[in-house]
1. HIS13: net charge of surrounding residues, Cβ under 14 Å, Lys/Arg +1, Asp/Glu -1, itself excluded?
2. ILE131 versus ASN92, label points 7 Å from Cα toward the beta carbon: distance in nm?
3. Positive end of the charge dipole of the chain (Lys, Arg +1 and Asp, Glu -1 on Cβ, about the Cα centre): tell me which of SER311, MET291, ILE27 has its Cα farthest that way.
4. Any of LYS35/LYS360; LYS77/LYS207; LYS14/LYS346; LYS121/LYS259; LYS259/LYS360; LYS319/LYS358 with alpha carbons more than 28 Å apart? Name them for me.
5. What is the distance in Å between the Cα centroid of segment 250-290 and that of segment 161-199?
6. Under the classification rounded if a/c is under 1.5, otherwise prolate if a/b is larger than b/c and oblate if not, where does segment 278-362 fall, given a ≥ b ≥ c as square roots of the Cα gyration tensor eigenvalues?
7. How about LYS161: which aspartates and glutamates have a C-alpha closer than 17 Å to its C-alpha, ignoring those fewer than 8 places off in the same chain?
8. Going by average Cβ density within 10 Å per residue, which order do the peptides 297-308, 195-206 take, highest to lowest?
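The numbers here are math on the coordinates, done by the rules we state, and not lab data. The shown structure was predicted, so the numbers you read here are calculated from the model rather than taken from an experiment. Every residue, glycine as well, gets a Cβ built from its backbone with ideal geometry; the counts of neighbours run over all protein chains shown.
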Amino acid sequence: MNTVFLNDFHIKHKAKLSPFAGYSMPIYYLNGIIKEHLHVRELVGVFDVSHMGQILISNSKHNTSSLEQYIPLNLGKLEFNKSKYSFLLNVNGGIIDDIIISKIIINDNEFFFIVYNADRKTVDNKIFEKILNDYIYIHDQSLISIQGPLSYSSLSFLKIKPDMNFMQINSTNFQEQEIIISRSGYTGEDGFEISIPNIILKNFMDKLMKSTNVILCGLGSRDTLRMEAGLSLYGNELTEEITPVEAKLLWAIDRNRLKECNFNGCKTILHQIKNGVKKIKIGIKSVTKSMLRSQMKIFDEKEKEIGFISSGGFSPSLKVSIGLGYVDINHQDNKLFCLIRDKMEKIEIVKLPFISHKYKKG
């Protein structure tokens, strides 16, 4: 079992550690998942997400064209200090992984910076090693996510003032070390993600924890926060068998690249846009007190199986059980049911996100 650099720090702060994507990770701390969740919605919480992959790729013509075979963006026109959500696609248009890709300058050198999922590292790394020249896996830096309405003020306390909008990124200096900071996150709240050298990380965390209203949060509340925000999780809403059309992620594909049809799976995606798909992602909520869980089956009013729940659980903000799932494209109505403990329980389709995003967009 792998451990993150802050493992001893988490133990010291009474984290409940559990295996996640091959790492021992904090699931929650003494406050518990619900209190952590609500604290992020109202104030500010800090997550250690250092299990995720980080790679710096030299901004060369070869690397740009190689990445564009898998990533349906115009990377040549991606502005410096900007980040974009995207994915690696297979030849059938399925999602190998979803990623955040940025273009930044570090020490006068131009790089693509990609953050990718922990449980897809092996798969993604094989692709990177096959197609790229001149890249660096980041092993000596951790990834810290600071989320919530007071995230900016918590960083200002550290004399770091990241004056940027949502999905902007920059490198800056902290204690004579270069850190990469982006205004982004996985909660629907305003927030920042910081790639920081391990050599200064513990000092950074100690100072951050002294900031007013900051608490530590685990992956449990991160999951409930992202569900409320309607954000997909790889392995649940996204797999190699699910396309961006089915996952309602067409907005993350560059329109000109789609017209040119010069990336993996583009023919499948164009065919689905023209002719439709068999299944589509939806948001759902329980109308009873029953709890929705991943892999539960969804039925129509004639008790015909027409889909499944991909993510489900209790929403601390709405105080009801919510979920994400996939249903037959012809059954996007509210006369749906979920089989829970051998009983058909009524569920409702809800427009996503469940909780409005509060990103800073200038």
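1. Combined, the nearby Lys, Arg, Asp and Glu give +1.
2. Each label point is offset 7 Å from its Cα along the Cβ direction, giving 1.8 nm.
3. MET291
4. Numbers: LYS35/LYS360 24 Å; LYS77/LYS207 38 Å; LYS14/LYS346 39 Å; LYS121/LYS259 30 Å; LYS259/LYS360 31 Å; LYS319/LYS358 20 Å.
Checking Cα-Cα distances, LYS77/LYS207; LYS14/LYS346; LYS121/LYS259; LYS259/LYS360 exceed 28 Å.
5. 30 Å
6. oblate
7. Excluding near neighbours in sequence, the set is GLU176, GLU178, ASP190, GLU193.
8. On the way: 297-308: 15.3, 195-206: 17.1.
Result, highest mean Cβ count within 10 Å first: 195-206, 297-308.
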